[in-house]
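Remarks on the structure that follows.
The values are calculated or read from the model by the stated rules, or taken from the named source; none is laboratory data. These numbers were taken from a predicted model, which means no experiment stands behind them. Cβ: placed from backbone, ideal geometry, glycine included. Neighbour counts: every protein chain shown.
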Amino acid sequence: MGDEEAENPGWRLANSLRGGLRGLWSAAVDAVYPPVCAGCGRMTGRHRGVCAACWATLRLIERPYCEVLGLPFSHDLGAGILSADAIANPPVFDRLRSVAIHDGIAKSLVHGLKYRDRTDLAVMMAEWMIRASDGTVAACDVVVPVPLHAFRLWSRKFNQSAELARAIAHSSGKPFLAAALIRNRCTAQQVGLGVSQRQENVRGAFSVTGTGRAALFGKRVVLVDDVYTTGAMVSAATRALKKAGAADVTVLTFARAVSGLI
């Protein structure tokens, strides 16, 4: 705003009117769609938030944690410490970051987005994921979702990972590559399968398109999924990305399963 505009009474009046109209519009929206907790539906003070009771069940993953697997430690073991699993079984991806442990409100939000068509939750969840990314979203070149097979996408109507990835890319200003990585076959549901069964189920399930190769070669990629369990799915996807020439892959999920703290 220039000095001339600041001193212009007409400009100040117009700006004040615009602010007033925005306030009225916001109040009207709140009257029709009052802000409620994304977890339990209780009235809250603002949109895209959770109430105190639900927030208390959120087990955020914060430092100290394994620099590679993002696995939370029960106490600080020093900078750069890796978990035993990361040392014994180094993942194909470069690092994993997640917002919270997959229980309580985190589990409710994931299920709401995935199974109850609550795509409105994606923006809030994405904002939390960017904060949990430890700067990898800011440093990345592209954001890529773990894709669904075309048949499953048709039956489900949307891909929850793509909704999260789209919101992350939009908020961070990073390119969103929705179709660079594809799923070649409709795999069985991972729920109920053991670790080796999960790995076999998704082996060779992903590939990168021709245009995707050009967009991914030499790039730092943030690969987005909703939940990390055994890592079979994101590992298979990462192999396809690295085969296509991706230089670095960060897996970013909203929640992750953890059997216990180290």
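Data table
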quantity	calculated
Qualifying residues in segment 108-131 (those that are in a helix (DSSP H, G or I), of a type in the set (D, E, K, R) and at pLDDT below 95) - the one surrounded by the most Cβ atoms within 10 Å (Cβ to Cβ)	Lys114
All positions within segment 69-87 that are among the charged types (D, E, K, R) and assigned to a helix (DSSP H, G or I)	Asp85
Residue satisfying all of: in segment 132-159; at pLDDT below 95 and of a type in the set (S, T, N, Q); nearest to Leu216 (Cα to Cα) among these	Asn159
Filter pass, Ala244 being more than 18 Å from the chain's Cα centre (by Cα) and surrounded by fewer than 24 Cβ atoms within 10 Å (Cβ to Cβ)	yes
Residue within segment 88-95 that is outside any loop (DSSP other than H, G, I, E, B), within 26 Å of Cys140 (Cα to Cα) and in contact with a helix residue (DSSP H, G or I) (Cβ under 8 Å, 6 or more places away or on another chain) present	yes
Hits in segment 43-59 - residues which are at pLDDT 75 or above and part of a strand (DSSP E or B)	Gly49
Conditions (1) farther than 13 Å from Ala255 by Cα; (2) among the charged types (D, E, K, R); (3) in contact (Cβ under 8 Å) with a residue 40 or more places away in the chain: number failed by Arg116	(3)
